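Working notes, structure below.
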Amino acid sequence: MRHTDGDHFQVFAINCAHLGCPVRWFPQSGLFMCPCHGGAYYSDGARASGPPERGLFEYPFKVFDGNLHIQAGEMPTPGLSARVYDEKPCVKRPPCA
């Protein structure tokens with residue numbers, strides 16, 4: 001998870017966008033690194049290098065009563081629609097469960 005400003009966050013899936021191996025954060029280099037095939041991602045989740053064709057997947061979230069709620073439970077994939085939550089009702093960027 002990355003706090004960007006106020007109630008705005010980026011909540012990254014731990015899985016590499018290439019084949020789903022778990023990435024780790026390396027503060028020395030300021031990169032998320034995938035041990036399987038050498039994928040690398042910047043702190044904002046954008047692709048830095050390696051075989052992934054895109055940045056890290058992000059989970060939708062909302063801040064409710066001062067708590068961060070994350071909609072997780074499914075492994076994100078390139079075909080999954082990106083869903084984003086607003087602080088009140090769910091704002092749709094295709095369907096929002």
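Some points to look at:
- When residues in the range 49-60 are screened for being within 16 Å of R2 (Cβ to Cβ) and either open to solvent by 40 Å² or more (accessible area, probe 1.4 Å) or of a type in the set (S, T, Y) (or both), 2 of them pass.
- Selection of strands (runs of 3 or more DSSP E) fully inside the range 1-55 by the criterion of at least 2 residues being out of contact with any helix residue (DSSP H, G or I) (no Cβ under 6 Å at 6 or more places or on another chain) and over 30 Å from D65 (Cβ atoms) returns 24-26, 31-33, 40-42, 47-49.
- The condition of being over 22 Å from A72 (Cβ atoms) and at pLDDT 90 or above holds for only one of G39, G50, that being G50.
- Pairs, first under 15 Å from G45 (Cβ atoms) and open to solvent by 40 Å² or more (accessible area, probe 1.4 Å) in the range 4-24, second assigned to a loop (DSSP other than H, G, I, E, B) and at pLDDT below 90, C-beta under 9 Å, six or more apart: F9/M1; P22/I14; R24/I14
- Test result for R93, at pLDDT 90 or above, open to solvent by 60 Å² or more (accessible area, probe 1.4 Å) and out of contact with any His (no Cβ under 8 Å at 6 or more places or on another chain): no
- P35, sole failed condition from (1) open to solvent by 80 Å² or more (accessible area, probe 1.4 Å); (2) closer than 18 Å to R54 by Cα; (3) within 15 Å of the chain's Cα centre (by Cα): (3)
The values are calculated or read from the model by the stated rules, or taken from the named source; none is laboratory data. Computed from a predicted structure; not experimentally measured. Cβ atoms come from the backbone with ideal geometry, glycine included; neighbour counts cover every protein chain shown. What goes into the accessible areas is simple: the full protein's heavy atoms, side chains included, and nothing from ligands, DNA or RNA. Shrake-Rupley method; radii C 1.70, N 1.55, O 1.52, S 1.80 Å.
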